[in-house]
Amino acid sequence: MKNASIGGYILRRLLQTIPVILGVVIVNFLLLQLAPGDLATVIAGEAGGATPEYIAELRARFGQDQPLFVQLLNYMGNLLTFDLGYSFRQSAPVLDLLLDRLWPTLLLMGTTLMVSLSLGILLGLLAAFWVKTWKDHLISVTAVLLYATPLFWVGLMLVLVFAVKLDWFPTSGMENVVAFHEGWDRVWDIAHHLVLPTVTLSVFYLALYARLMRASMLEQRGLDYVTTARAKGLKDAQITRRHVFRNALLPVVTMAGVQTGSLLGGSVVVEAVFAWPGLGQLAYQSLFARDYNLLLGIFFLSAILVVVVNLLVDIIYVILDPRIRLR
Amino acid sequence: MKSFNARFYGNPRVYLGLVWLALVLIAALFAGVLAPRDPFAIVGQPFLPPGSEGFLLGTDSLGRDVLAGLIHGARTTLMIAVLSTVAAIAFGTVLGALAGYYGGIVDDILMRLTEFFQTIPWFLFAIVLVAILSPSAMNLVIAIAVVSWPPIARVVRAEVMAVKAREFVQAAVVAGQRDMGILFGQILPNTLSPLIVTGSLMVATAILIESALSFLGLGSPGQMSWGFQIGAGRSFLRDAWWLVTVPGIVILLTVLAINLIGEGLNDALNPRLADL
Amino acid sequence: MKSFFLTAAGLALATALSVGGAMAQSQGGTLVQITQPEPPNLAPYVSTSGPIAQVTSKVFDGLLEYNFDLEPQPSLAESWEVSADGLTITFNLREDVVFHDGTPLTSEDVRFTIMDVLREAHPRGIATFRNVTAVETPDSHTAIFRLDAPAPYLMKALHSAESPILPAHIYAEGDIRAHGNANEPIGSGPFVFTEWRRGEFVRLDRNDNYWRDGQPYLDRIVVRFIADASTRTAVLEQGEAHIAGFGAVPYQDVRRLEALDTIEVTTRGYEMISPIVEIIFNTQEPPFDNQMVRQAVNYAIDRQFVIDNVWFGYGVPASGPISSNFEPSGLFGRGIDFSVPDRIDIANRLLDEAGFPRDADGIRFEIIHDVTPYGEEWQRFGEITVQNLAEIGIRATLRYEDLPTWLARTYTDYDFQLTSNFLFNQADPVIGVHRGIHSDRILPGTVFVNGSRWSSPETDALMNAATVATDAATRQEAYQALVPLVTEASPVAYVLELRYPTVLSTQFSDVITTPIGIYGNYAFTHQR
């Protein structure tokens, strides 16, 4: 694969996704307009009551007195210059708010991906290796069990056991806010806080990848090329390592890419349980406050995130399987 | 090669799944007979632990019978899960079939549409839908269906594209059959087995989505469901463990049962894999 | 003839100090407070969202503070004087106050805050300071409020949570509604704003130049935001946080935490807030246009059951629109007692008389019951109400929507039959009670006003009299006449007075020292 064509491919892919991302923004913009109630009533509602002058003034300030398509055009126009607007409720530019929350989210997503992928692939491999033995059954049953357990329930139970009863981990948050650690102490502190949320969020995906890996390994082993390779006298271990494993990884990698969006959404629940300061929490709050500039910004950012991850997945694909050509 | 029946029913895991699911179905169908009273009725002291006189699984924070709630909840939960799955399958199948059969621009548009759903975090999107439509059983069905159909569409599209190339379909085309006739008469029946497997697993996912939405306070308020019970009991996790644990285990077992059956179906429908 | 509320600053300070004893308190310590939900911004002068002031009341000072009898105490104003006609209020400011940026406080800051900010842009201030036509500043430390009509309730609204005094040289720059310091407040209070990490915490550090010598004792306050209720409990239990109020901890958990040695619970500190749980009827549409039907519902509600099982005992049955917290000031009144033993019989009789007989299934009519979207207690309350209504033959279906939707339904479209609701009496009935029942508060599109759209000339007149009366006796008489009239008409079923529990770590002393509780400034709080 030549570098030039990879560059061209990436550019082409990015151009292709622009309509999808714009679609995400427009659909959500229109959808949110259907919701009853607006930011002005929420702000007044939080105030426990406000005068009519105040509410009218708020509406004018938010630009809600303009026709809908003008509001949409304004928003889209600003978006082209990466101006995501201003959150009137939080009195801050949307971009700042998003960037504040982006890295905790990326941290949680990153560790979750790493843990669930590596453990999932390992368990799937072992299960396939020990296929139809009690070990395989044990792994499979565990995977199905984990797959069937509600996320928030896992979170609540983990807090109960490992934070409250055993006191091994902090109950919530991303950092110790009494000590305010610096340097490596801070890194260690954040890592300590990261354990329970990561485990909770990983459980489901781990089970998913383990099952997929097992099925995929078994499928690959049954394919003709393996029989051929065996006939050519290659050793089983060699075949597994060189061909089966690499090919079996492909569906798992695809699935991991497809799940990025789901991971972002799933983190809403986990963030709620562990008070993790990520984008999910912000999205949930801004929806219920009708803070649409902020919410649209989150949808926009997560759409970009998903697109980038999917692109990475496609590139990994090529590395794993040189037969696949970038189109 | 063994028959479908032998493969499916010969699998002990499938049996376990079927037995539990049958229990849940019986509860759902005969809720009115098994627990004749309104499951919201305040019938005893609050926080009676399981095993208390007259309340096998205890009572909740207002003195409502947890078992009666589970029985009536089975009906709501299954109804929401099944209806949303049916809606998702219907919509996803039609779109996937059209895209796979016609290809070209139709395919492009429909695939962009599924890409759209892949690009937004679907759980957040479900929250937005429920919040906008206001929480009720019907709106939960809509929200769950809207976020669940894209995988179905992709599965059907892939199958249709594969089947389309096979000889018997080409023969039908040459014989001058109409598109719709070929699609529904020849191609779709051949895509059934992956559809059944995906669909059965989707029921399980729908139950999990419903419970997660309820956990966040977006469940249907007037109807007893398992998610509702967990949502209502979550504050009492420490004092009345059974309020969250019991419906949690019921959800777990039901999702597990459906998964086992789905796997069994998969093994039985794709025997080549199961033999390995 | 003048009526004096003159108080010597030194005297009051000595009284306040005596709470903590005469000896010097140990310096140091970090108090971690849980505030739920996270405040949208830190601009209490334009937004009255509850959580904001839980943070900013430590950063800003008000002209006054209050004791538990709701009497004004000196703060930035060391003394004050209200003229007999109630039209002139003179404040003498302390001369040793500096803002966190080192600039001294002057009367211009007070004028700017009241006239240019609170009276213009504060959601409640627009009403509170409506009668203030000017704030005169004859010298740098005297501020004179000129009013065109008496506003006795104004003297109750001058604490730092409600009317924070801003440094004019900072906040006068640019648009106050989108000010650069909206999330980085600068005031004169005992703690200096340091950092806000969104989704996590706000950090406030000790103000070394605070005007109260030796205070504050604490080095730091951290305000944490935790979305999940059971996690909040766990954090308090683990000692990772030390104080939480306003229902941040599930009521059931409060009972359990109370049993721990490390934690104490108080219901003090809400005397100027006085929350009331109620059900409002749409009095303009059948069936609740009928007074007898409204009374029947009022009788049907099992108040004690709601208090015991939803709010776990943290409440008392309400006896009308005015909270019993106003009993000391004489403004409290008692209405019809709906909690009589034969209340269900009375309710059934009322409905029979009103012309709603039971059908073959025992149902008189069906309605939709909307629920205040403030969390699960409210859902439980709604479920109990449905069961209570079933007892008198009304079949109710619950509807639970999110806050903006519910607000639009209740206060803009009036598209409801009956809905639960939550109103604060605030520091004075004029501020918190009139809005729910006065005819001039029937304002489509304005939230938390008269949503039932009921009013009567008689009750309007009583409230008007109480608004301008400068002597306590006239106001007392007006309210005692008002309450029975309102409960008889029952535009609202006043269900219970909520007694919010505040959960406190025993590590700290003198945390809740005023009737605004965790809206206080913690200047005297210290480690045990």
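Can you spot a residue in region C:183-193 that is open to solvent by 10 Å² or more (accessible area, probe 1.4 Å), in contact with a helix residue (DSSP H, G or I) (Cβ under 7 Å, 6 or more places away or on another chain) and away from chain A (no Cβ under 12 Å)?
Step one: list which residues in region C:183-193 are open to solvent by 10 Å² or more (accessible area, probe 1.4 Å), which gives C:183-184, C:186, C:192-193.
Cutting the leftovers down to in contact with a helix residue (DSSP H, G or I) (Cβ under 7 Å, 6 or more places away or on another chain) gives us C:186.
Still in the running and away from chain A (no Cβ under 12 Å): C:186.
Yes, there is a match, as at least one residue in region C:183-193 is open to solvent by 10 Å² or more (accessible area, probe 1.4 Å), in contact with a helix residue (DSSP H, G or I) (Cβ under 7 Å, 6 or more places away or on another chain) and away from chain A (no Cβ under 12 Å).
In region A:30-41, what residues are surrounded by fewer than 24 Cβ atoms within 10 Å (Cβ to Cβ) and either assigned to a helix (DSSP H, G or I) or more than 9 Å from chain C (Cβ to nearest Cβ) (or both)?
A:Leu30, A:Leu31, A:Leu32, A:Gln33, A:Leu34, A:Leu39
Just name the residue that is surrounded by the most Cβ atoms within 10 Å (Cβ to Cβ) out of those in region C:103-123 that are part of a loop (DSSP other than H, G, I, E, B) and modelled with pLDDT of 95 or more.
Going through region C:103-123, the residues part of a loop (DSSP other than H, G, I, E, B) turn out to be C:103, C:105-106, C:122-123.
Checking the rest, the ones that are also modelled with pLDDT of 95 or more come to C:103, C:105-106.
Values: C:Thr103: 16, C:Leu105: 24, C:Thr106: 21.
Among those residues, the one meeting the criterion is C:Leu105.
Would you say B:Ser214 is of a type in the set (Ser, Thr, Tyr) and more than 12 Å from chain A (Cβ to nearest Cβ)? Step through it out loud before you land on a result.
Working: of a type in the set (Ser, Thr, Tyr): yes; more than 12 Å from chain A (Cβ to nearest Cβ): no.
It is false that B:Ser214 is of a type in the set (Ser, Thr, Tyr) and more than 12 Å from chain A (Cβ to nearest Cβ).
For region C:194-213, how many residues meet the condition of being part of a loop (DSSP other than H, G, I, E, B) and more than 9 Å from chain A (Cβ to nearest Cβ)?
Of the residues in region C:194-213, the ones part of a loop (DSSP other than H, G, I, E, B) are C:198-200, C:207-213.
Filter once more, keeping what is more than 9 Å from chain A (Cβ to nearest Cβ): C:207-213.
Residues meeting the conditions: 7.
Take B:Ala35 and decide whether it is of a type in the set (A, V, I, L, M), more than 30 Å from C:Pro250 (Cα to Cα) and in contact with a strand residue (DSSP E or B) (Cβ under 8 Å, 6 or more places away or on another chain).
Yes, satisfied.
What strands (runs of 3 or more DSSP E), lying completely within region C:304-420, carry at least 3 residues that are surrounded by 18 or more Cβ atoms within 10 Å (Cβ to Cβ) and at pLDDT 90 or above? Break it down into steps so the answer makes sense when it comes.
Numbers: elements: C:315-317, C:365-371, C:394-400.
Strands (runs of 3 or more DSSP E) meeting the threshold: C:365-371, C:394-400.
Among the residues of region A:55-69, is any at the interface with chain C (Cβ under 7 Å from one of its Cβ atoms), surrounded by fewer than 20 Cβ atoms within 10 Å (Cβ to Cβ) and closer than 30 Å to C:Leu118 by Cα? Step through it out loud before you land on a result.
To start, the set of residues in region A:55-69 that are at the interface with chain C (Cβ under 7 Å from one of its Cβ atoms) comprises A:55, A:61.
From what's left, surrounded by fewer than 20 Cβ atoms within 10 Å (Cβ to Cβ): A:61.
In the following step, the residues that additionally are closer than 30 Å to C:Leu118 by Cα were identified as A:61.
Yes - at least one qualifying residue is present in region A:55-69.
Do we have A:Ala127 as within 7 Å of another protein chain (Cβ to nearest Cβ) and either among the hydroxyl-bearing types (Ser, Thr, Tyr) or crowded, with 22+ Cβ neighbours inside 10 Å (or both) here?
Numbers: within 7 Å of another protein chain (Cβ to nearest Cβ): no; either among the hydroxyl-bearing types (Ser, Thr, Tyr) or crowded, with 22+ Cβ neighbours inside 10 Å (or both): yes.
No; evaluated as a whole, the condition is false for this residue.
Would you point out which residue out of A:Phe169, A:Phe82, A:Phe88 is among the aromatic types (Phe, Trp, Tyr) and away from every other protein chain (no Cβ under 14 Å)?
On the way: A:Phe169 fails: away from every other protein chain (no Cβ under 14 Å); A:Phe88 fails: away from every other protein chain (no Cβ under 14 Å).
On inspection, the qualifying residue turns out to be A:Phe82.
So, in region A:286-312, of the ones that are assigned to a helix (DSSP H, G or I) and at the interface with another protein chain (Cβ under 7 Å from one of its Cβ atoms), which residue ends up surrounded by the fewest Cβ atoms within 10 Å (Cβ to Cβ)? It would help to see each step written out before you state the result.
Within region A:286-312, the subset assigned to a helix (DSSP H, G or I) is A:286-288, A:292-312.
From the residues that got through so far, the ones that are at the interface with another protein chain (Cβ under 7 Å from one of its Cβ atoms) too are A:287-288, A:299, A:302-303, A:306-307.
Working: A:Leu287: 22, A:Phe288: 20, A:Phe299: 23, A:Ser302: 25, A:Ala303: 25, A:Val306: 27, A:Val307: 23.
Across region A:286-312, the extreme among qualifying residues is A:Phe288.
Among what's in region C:354-393 and is of a type outside the set (D, E, K, R) and in contact with a Lys or Arg (Cβ under 6 Å, 6 or more places away or on another chain), pick the residue that is farthest from the other protein chains (Cβ to nearest Cβ). Lay out the reasoning, then the answer.
Step one: of region C:354-393, the residues of a type outside the set (D, E, K, R) are C:354-357, C:360, C:362-363, C:365, C:367-369, C:371-375, C:378-379, C:381-382, C:384-390, C:392-393.
Still in the list and also in contact with a Lys or Arg (Cβ under 6 Å, 6 or more places away or on another chain): C:356, C:363, C:368, C:393.
Working: C:Phe356: 21, C:Ile363: 13, C:Ile368: 9, C:Gly393: 15 Å.
Only one residue fits best here, namely C:Phe356.
Scan region B:123-167 for residues that are basic (Lys, Arg) and either touching a residue at least 40 places away in the same chain (Cβ under 8 Å) or in a helix (DSSP H, G or I) (or both) and jot them down. Steps first, answer last, please.
As a first pass, look at region B:123-167 and keep what is basic (Lys, Arg): B:154, B:157, B:164, B:166.
B:Arg154, B:Arg157, B:Lys164, listed by residue number.
Please state which of the following conditions C:Arg441 fails to meet, knowing it meets all the rest: (1) more than 14 Å from chain A (Cβ to nearest Cβ); (2) open to solvent by 10 Å² or more (accessible area, probe 1.4 Å).
Among (1) more than 14 Å from chain A (Cβ to nearest Cβ); (2) open to solvent by 10 Å² or more (accessible area, probe 1.4 Å), the lone unmet condition for C:Arg441 is (1).
With a cut-off of at least 3 residues that are under 30 Å from C:Pro373 (Cβ atoms) and open to solvent by less than 20 Å² (accessible area, probe 1.4 Å), name the helices (runs of 4 or more DSSP H) lying wholly within region B:190-276.
Working: elements: B:226-233, B:242-269, B:271-274.
In region B:190-276, the matching helices (runs of 4 or more DSSP H) lie at B:226-233, B:242-269.
Is it the case, given these coordinates, that C:Gln507 is over 24 Å from C:Arg399 (Cα atoms), touching a Gly at 6+ places or on another chain (Cβ under 6 Å), open to solvent by 10 Å² or more (accessible area, probe 1.4 Å) and of a type outside the set (Val, Ile, Thr)? It would help to see each step written out before you state the result.
Numbers: over 24 Å from C:Arg399 (Cα atoms): yes; touching a Gly at 6+ places or on another chain (Cβ under 6 Å): no; open to solvent by 10 Å² or more (accessible area, probe 1.4 Å): yes; of a type outside the set (Val, Ile, Thr): yes.
Spelling it out, it is not the case that C:Gln507 is over 24 Å from C:Arg399 (Cα atoms), touching a Gly at 6+ places or on another chain (Cβ under 6 Å), open to solvent by 10 Å² or more (accessible area, probe 1.4 Å) and of a type outside the set (Val, Ile, Thr).
Going through region A:217-249 one residue at a time, which ones are in contact (Cβ under 8 Å) with a residue 24 or more places away in the chain and surrounded by fewer than 12 Cβ atoms within 10 Å (Cβ to Cβ)?
Answer for region A:217-249, where residues must be in contact (Cβ under 8 Å) with a residue 24 or more places away in the chain and surrounded by fewer than 12 Cβ atoms within 10 Å (Cβ to Cβ): there is none.
If a residue must be in contact (Cβ under 8 Å) with a residue 12 or more places away in the chain, within 14 Å of another protein chain (Cβ to nearest Cβ) and outside any loop (DSSP other than H, G, I, E, B), how many such residues does region C:163-182 contain?
Within region C:163-182, residues that are in contact (Cβ under 8 Å) with a residue 12 or more places away in the chain, within 14 Å of another protein chain (Cβ to nearest Cβ) and outside any loop (DSSP other than H, G, I, E, B) number 3.
The values are calculated or read from the model by the stated rules, or taken from the named source; none is laboratory data. Since the structure is predicted, the reported quantities are computational estimates derived from the model, not experimental observations. Don't worry about glycine lacking a Cβ; one is built from the backbone with ideal geometry, like all the others, and counts go over all protein chains shown. SASA here: full protein model, heavy atoms, side chains in, ligands and nucleic acids out. Shrake-Rupley method; radii C 1.70, N 1.55, O 1.52, S 1.80 Å.
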